[in-house]
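S.K.: Provided herewith is a single structure, encoded as structure tokens, for subsequent inquiry.
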Amino acid sequence: MQSIPVDTSRLGVLRCAVGPEPKIANFETKEVKKDRDGNTVYTVGVTVRQEGRRASVIEIAVPGEPKGVVEGAEVRVTGMEAFAWAMGDRHGISFRASAVTPVLGASAGTAGKGGGA
């Protein structure tokens, strides 16, 4: 599986749409997914809105629990990569990053400013 680096500076304002949740590896056993280093993998739903375009929500997998990331808050995504995947007749794009962190000084109350979604 080839990773494609993503230039997050071109994605506009990024906001947390769904707070961090542990990623489930096996829905029958409720086993939580771990990375190679044994860290729990979390997913964060992030709105992406480039100027003049509709907002999209993408799920980004990150190692370890992102601290201070709450719904509505502006976030910074570090080291984001995209992966194309296919399983049988299903296919899509997945995203992972080394970190999702809150933007200091920004708050959920500023959602209407700066082109936020």
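The values are calculated or read from the model by the stated rules, or taken from the named source; none is laboratory data. Fair warning: this is a prediction, and the values are worked out from it, not measured in the lab. Here the Cβ positions follow ideal geometry from the backbone for every residue, glycine too, while neighbour counts run over all protein chains shown. Protein only, heavy atoms only, side chains kept; ligands, DNA and RNA dropped before computing areas. Shrake-Rupley method; radii C 1.70, N 1.55, O 1.52, S 1.80 Å.
S.K.: May I ask you to verify whether Arg15 is surrounded by fewer than 18 Cβ atoms within 10 Å (Cβ to Cβ), basic (Lys, Arg) and touching a residue at least 12 places away in the same chain (Cβ under 8 Å)?
M.R.: no
S.K.: Inside the stretch 83-98, can you point out the residues that are touching a Ser or Thr at 6+ places or on another chain (Cβ under 7 Å) and either open to solvent by 30 Å² or more (accessible area, probe 1.4 Å) or touching a residue at least 60 places away in the same chain (Cβ under 8 Å) (or both)?
M.R.: Across the stretch 83-98, the qualifying residues are Phe83, Trp85, Ser98.
S.K.: If you take the residues of the stretch 79-92 that are in a strand (DSSP E or B) and among the hydrophobic types (A, V, I, L, M, F, W, C), which of them is farthest from Asp7 (Cα to Cα)?
M.R.: So the first thing to find is which residues in the stretch 79-92 are in a strand (DSSP E or B), and the list is 81-87, 90-92.
Okay, now just the ones that are also among the hydrophobic types (A, V, I, L, M, F, W, C), so 82-87.
Working: Ala82: 10, Phe83: 14, Ala84: 17, Trp85: 20, Ala86: 24, Met87: 27 Å.
Only one residue fits best here, namely Met87.
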